[in-house]
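The values are calculated or read from the model by the stated rules, or taken from the named source; none is laboratory data. Given the structure is predicted, the values throughout are model-derived calculations rather than measurements. We place every Cβ from the backbone using ideal geometry, glycine too, and count neighbours over all the protein chains shown. These area figures cover heavy atoms from the full protein model, side chains too; ligands, DNA and RNA do not enter into them. Shrake-Rupley method; radii C 1.70, N 1.55, O 1.52, S 1.80 Å.
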Amino acid sequence: MLREFKLPDVGEGLTEADIVAWHVKPGEAVEDGQIIVEIETAKAVVELPCPWDGTVARLLAEEGQTVEVGVPIIAVEVGAPDSAERAPAPALAPAEGTAPAESTTPAESVPDDEAGAHSVLVGYGVKTSATTRRARRTAAGRPETAEVPTAPAVPVEPVELAAEPRAAEPGVPAARVLAKPPVRKLAKDLGISLAELAGSGPDGSITRDDVQRAAATGTEVRSAESGNGSRTVSPATAADEERIGVRGVRKHMAAAMVSSAFTAPHVTEFLQVDVTETMSALRRVRELPEFAELRVSPLLFVARALLVAVARHPLINSSWDAAAEEIVVKHYVNLGIAVAAERGLIVPNIKRADALPLPELARSLQALTETGRAGKATPADLAGGTITITNVGVFGVDAGTPILTPGETAILAFGQVKDTPWVVDGQLAVRKACTLSLSFDHRIVDGELGSAVLREVGSMLEDPVRMLAWG
């Protein structure tokens with residue numbers, strides 16, 4: 001007998017599943033309880049056993065196919081029991097004029113799987129009413145026996161679907177709500193009560209679109225104060241939103257960042273540095289007459305340290321020429337400084353910064369940031385940069401993963417300087433520390449070179465005298 005095994009509801013209130021892998025193929029013998037297929041629901045991968053002994057006739061669903069609950073997925077040829085294979089003795093015809101005698105042939109036995117003795121999968125019940133078998137016919141074509149009722153099947157209590165009750169009138173049983181776990185989670189996150197929704201999915205199940213539509217139009221949701229209360233959410237309108245035109249600097253910045261992020265393979269490394277000595281040197285520099293009219297910040301020492309590191313590792317100050325299939329190493333440094341202007345992020349640069357003495361570098365940094373924040377940077381100020389510093393510390397941020405300025409190979413982020421527990425000569429002390437983040441183009445700079453540059457910048461900030469020794 002050919003039997004079709006239907007995809008069961010595995011007890012989660014699901015309406016469909018994906019066929020992950022078959023463990024059998026047509027022609028193979030299978031046993032009751034043998035794992036025949038793996039399915040993937042919205043929640044987990046589940047192994048399904050075969051409920052009969054027999055031979056696989058054909059697979060009705062392919063691997064990777066999405067199948068709804070209740071749809072046959074495999075056909076199994078189930079062998080008939082021995083009692084059914086043996087032909088019963090032919091019945092004698094009654095003598096003429098006499099009443100036909102009752103058949104003495106015993107009732108034909110019914111296979112166990114029709115009598116309710118087979119295994120039951122989750123979500124599968126067994127028919128509880130009595131079953132009947134059509135009478136066999138003898139060689140003469142007359143019925144051998146009358147239709148004989150079989151023993152009633154053992155009732156099996158069906159498994160409840162994973163659903164929540166719909167709101168009902170008092171005294172009326174609550175209806176069940178079908179929804180997949182991801183849809184239930186979305187409804188919970190949005191505060192939507194599934195009991196108030198009408199499902200548009202198969203068998204009335206609630207879909208993601210139903211929940212999102214309810215959230216957009218306003219519907220009763222669970223109250224934040226009580227688990228069974230409800231409130232009405234007002235739908236969002238255009239008056240609740242603000243639209244900002246993407247033009248000018250902001251449009252250019254957006255295009256540049258997208259181009260950089262999806263063109264150059266970024267790598268970012270981090271280093272925490274004790275800058276106590278740099279902060280002491282900064283205080284002494286501010287007292288020098290050459291810096292009397294300047295607002296000197298730690299950025300000056302970070303810039304000088306990076307310039308020294310570039311001189312020692314020129315490849316970090318290069319660009320990728322895809323058309324020529326060449327790396328262009330630049331033996332000059334146009335040092336870019338990221339500035340948060342009112343119109344958006346801009347990166348003006350100091351031309352030939354590597355040739356400037358420290359006072360001139362401090363003066364150029366101050367002028368560059370002032371004109372940039374005022375929105376007065378010229379196109380010439382923004383063009384031709386070779387490497388960039390972004391000072392995220394002014395925003396109270398420790399570190400970040402900066403995106404490369406298009407056409408450049410590296411960008412250094414300088415985090416905020418703050419008191420930090422630090423081990424000095426085996427003793428715990430409070431030191432001034434910050435975090436450096438170096439992003440670089442991995443097509444040009446490998447991990448060794450990037451680490452060397454970041455480590456040397458950190459070393460010079462830990463001991464500013466190294467700037468003199470290495471510069």
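Here are the numbers for this structure:
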| item | result |
| --- | --- |
| Leading residue by the ranking (modelled with the highest pLDDT) among those in the range 250-265 that are under 24 Å from D398 (Cα atoms) and buried (at least 17 other Cβ atoms within 10 Å of the Cβ) | S260 |
| Complete set of residues in the range 427-442 that are farther than 14 Å from S280 by Cβ, touching a residue at least 24 places away in the same chain (Cβ under 8 Å), part of a strand (DSSP E or B) and open to solvent by 10 Å² or more (accessible area, probe 1.4 Å) | T435 |
| Matching residues, the range 1-31, being part of a loop (DSSP other than H, G, I, E, B), at pLDDT 90 or above and open to solvent by 40 Å² or more (accessible area, probe 1.4 Å) | H23, K25, P26, G27, E28, E31 |
| Lone unmet requirement of (1) in a helix (DSSP H, G or I); (2) in contact with a Gly (Cβ under 9 Å, 6 or more places away or on another chain) for W320 | (1) |
| Residue satisfying all of: in the range 169-180; at pLDDT 80 or above and outside any strand (DSSP E or B); farthest from A17 (Cα to Cα) among these | L178 |
| Count of residues meeting criterion [of a type outside the set (S, T, Y), closer than 21 Å to T237 by Cα and either modelled with pLDDT under 80 or not in a helix (DSSP H, G or I) (or both)] in the range 181-223 | 7 |
| Residue list for the range 393-405, filter: over 13 Å from A338 (Cβ atoms) and either in contact (Cβ under 8 Å) with a residue 40 or more places away in the chain or among the hydroxyl-bearing types (S, T, Y) (or both) | A399, T401 |
| Unmet criterion (only one of (1) within 19 Å of V258 (Cα to Cα); (2) open to solvent by 30 Å² or more (accessible area, probe 1.4 Å); (3) acidic (D, E)) for E462 | (1) |
| All strands (runs of 3 or more DSSP E) inside the range 330-400 with 2 or more residues being at pLDDT 95 or above, β-branched (V, I, T) and open to solvent by less than 20 Å² (accessible area, probe 1.4 Å) | 387-390 |
| Leading residue by the ranking (surrounded by the fewest Cβ atoms within 10 Å (Cβ to Cβ)) among those in the range 178-207 that are under 19 Å from the mean Cα position of the chain (by Cα) and of a type in the set (D, E, K, R) | D189 |
